[in-house]
Amino acid sequence: MTYGATAGVDIGGTKIRAAVVTADGEVVASATAPTPRGGAAMLDVAAGLVDRAVAAAGRGMGHGAGSGVGSGAGSGAGRAGVTAVGVGAAGVVDPVTGEVLAASDSFTGWVGTDLRAGLASRTGLPVTAANDVDAFLVGEATWGAVRGVRSAAGIALGTGVGGALWLDGALYRGAGAAGEIGHMPGFGDAVCTCGQRGHLETLASGRSVERRYAEAVGAEAGVGGVSAGVVPGSASALGAAEIEALARAGDPAAVRVFADAGHAVGSAVLVVAALLDVGHVVVGGGLARAWDLLEPALLARLREAPPVSGHPVEVRHAALGGDATVVGAAALARRA
Ligand SMILES: [Zn+2]
C-alpha cells in the first residue's frame, strides 16, 4: 500500500533521486538522473523524477497503464496516494521561504532558487524544503541509526562535510545552516574549499583525504623538488575509494589520512556534545563507508577527552545508506 505515502527528493551535485516512501519509511519506487546545470533545469529534472517514481509506485499497486500519472499536476487520488513532496537539497535552504541561500561554486545558478514554490508548481503537490544533510538526519532519526533518540547530531562525510541537529525530537534549522560543522575552525592550517583555513572539512571530507594522501606521497617521494604542502596535480592523484583500498592493504599514508579524518570527526563530536549535550551522533556520507578505518581514531579521541558533563556521547554509523536523504525528505513532508 502506498496510501498516505509521500515523495522524497535528494538533489546533489552529481545526481538527483526521487522516491515514493510509505508512512513506515519503505521506499516503494524510485528514479534517478544526472544533475543538470542551472536551478530551473534541476527543478525540472526533480519534478520529472517525482512523476516517474509516482508512476512506478502506481504500477506497483496494480493501477497499470492509463492511470494518468506522469502527466504533470494531478490529484492525490491520481498519484498513487502521494500527498506531499519533501526535498533535501545541497546548499543552505531558508527554512521559511524554501529558497537556496548559499551553495558551493560547483552549483551553477542554484543560489536564489525557490525550491518550495518551484517544485510545488511543477508537481501540483505541497513541498517542504530542507538541506540534504538535514534530510539525512531526519531519515536516520525517524527510521535509522538514531531512531527514537531525543537529541542527536548528524555528520555527513561526503565530497565536503555537512552537519545537522535533531533537538528534542525535531530538526533544528536555525536560519538554515544550523549544525553546519564542516566549516568550523580549529582543525589545522590547510585552506578550505570556502577559502578560509583550518576547517573540519580540510581533514574529514573525501576531497581532503585525496589531497592529503597526494601530499603525503609527494612528500615521501621527495625528489624533483616536491615538498609537503604541494598538491601534485598529476594524473596519479587517487580517489577516496582507491585510498580506502590502499589503507585496507596496509599503506601507511592511506591509513594515516583516514585516522586523521576520524580523529578530526571525534574532535567535532566533542564540540557538539559540549555545546548541546546531545547523547548521540550519527555519521554518514560516502566517506563513512570506510567506517572501520575512521572509527578507531574517532573513539580514541572521545576517550582522550570525555565530555565534562559526564554524559558519554555515542557515535553510530548511519544505517540507511544512500536512502537516508530521500526517506528523510519524505518524512519531512509528512511532518509539515
Ligand atoms: Zn570552510
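Observations on the structure shown:
- Residue within region 250-260 that is touching a strand residue (DSSP E or B) at 6+ places or on another chain (Cβ under 7 Å) and in the same structural domain as residue 208 (by TED's automatic domain parsing) present: no
- If you go through region 23-42 and pick out every residue that is within 21 Å of residue 134 (Cβ to Cβ) and either β-branched (Val, Ile, Thr) or in contact with a strand residue (DSSP E or B) (Cβ under 7 Å, 6 or more places away or on another chain) (or both), you end up with 5.
- Enumeration of residues in region 159-173 that are of a type outside the set (D, E, K, R) and modelled with pLDDT of 95 or more: 161, 162, 163, 164, 165, 166, 167, 169, 170, 171, 172
- Considering 250, 266, the condition of being outside any helix (DSSP H, G or I), among the small types (Gly, Ala, Ser) and either more than 19 Å from the chain's Cα centre (by Cα) or at pLDDT 95 or above (or both) is satisfied by 250 alone.
- Region 98-128, residues that are surrounded by fewer than 18 Cβ atoms within 10 Å (Cβ to Cβ) and part of a helix (DSSP H, G or I): 117, 121
- Here the condition is being within 15 Å of the ligand (Cβ to nearest atom) and either more than 28 Å from residue 246 (Cα to Cα) or in contact with a Phe, Trp or Tyr (Cβ under 8 Å, 6 or more places away or on another chain) (or both); of 139, 148, 124, 186, it holds for 186 alone.
- Residue check for residue 69: over 17 Å from residue 132 (Cα atoms), at pLDDT 95 or above and not small (Gly, Ala, Ser): no
- Flag for residue 159 being polar (S, T, N, Q) and either surrounded by fewer than 24 Cβ atoms within 10 Å (Cβ to Cβ) or more than 16 Å from the ligand (Cβ to nearest atom) (or both): yes
Listed here are the residues, each with its yes/no results for (1) in contact (Cβ under 8 Å) with a residue 24 or more places away in the chain; (2) part of a loop (DSSP other than H, G, I, E, B).
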| position | (1), (2) |
| --- | --- |
| 130 | yes, no |
| 133 | yes, no |
| 142 | yes, no |
| 145 | yes, yes |
| 148 | no, yes |
| 153 | yes, no |
| 162 | yes, no |
| 171 | yes, no |
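The values are calculated or read from the model by the stated rules, or taken from the named source; none is laboratory data. Here the structure is a predicted model, which means the values were calculated and not measured. Glycine also receives a Cβ, built like all others from the backbone with ideal geometry; neighbour counts cover every protein chain displayed.
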